[in-house]
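To keep things clear, I will list the structure first and then write my remarks on it.
The values are calculated or read from the model by the stated rules, or taken from the named source; none is laboratory data. Predicted, not measured: the structure shown is a model, and the values here were computed from it. Neighbour counts are summed over all protein chains in view; Cβ atoms, including those assigned to glycine, are modelled from backbone coordinates with ideal geometry. Heavy atoms of the whole protein, side chains included, go into the accessibility calculation; ligands, DNA and RNA do not. Shrake-Rupley method; radii C 1.70, N 1.55, O 1.52, S 1.80 Å.
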Amino acid sequence: MSRILIIEDERPIAQSLAYTLKREGFEAMISTDGEEGLKLALGTPPPSLIILDLMLPSLGGLEICRTLRQRQRQWIPVIML
């Protein structure tokens, strides 16, 4: 099963995305904070896809994306919201 990480601080949007993804058979994880989301993205096993909000509390989406590209051993696709 593919794991998709949703990093979005607006809960209704994150929950709507997760609901839709779960209905289609994906495992969806939600983080509403940039720093927590980055930790989940760098965790093991890594997600198959990241849906990333641009403006987040504590750490913005662009900074998360830059950090992922520098630290990742494997490339994970990112969709920016």
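General remarks:
- Charging the Cβ of each Asp and Glu at -1 and of each Lys and Arg at +1, and nothing else, the dipole of the range 21-73 about its Cα centre rounds to 260 debye.
- Leading residue at positive end of dipole, the range 1-67 (Cβ point charges), from G60, P47, G37: P47
- For the chain, the solvent-accessible area works out to 62 Å² per residue, with a probe of 1.4 Å and every protein chain left in place.
- Taking 0.36 nm per residue of separation and subtracting the current Cα-Cα distance, fully stretching the chain between S16 and Q72 would add 17.4 nm.
- Around the amide H of I30, modelled in the peptide plane, lie the amide H atoms of I6, all under 5 Å away and 5 or more residues distant in sequence or on another chain.
- For the chain, the fraction of 1.4 Å probe accessible surface lying on carbon and sulfur atoms is 54 percent.
- Square roots of five times the Cα gyration tensor eigenvalues for the chain, Å: 18, 16, 9
- Share, in percent, of DSSP beta bridges within the chain that are antiparallel, nearest 5: 0 percent
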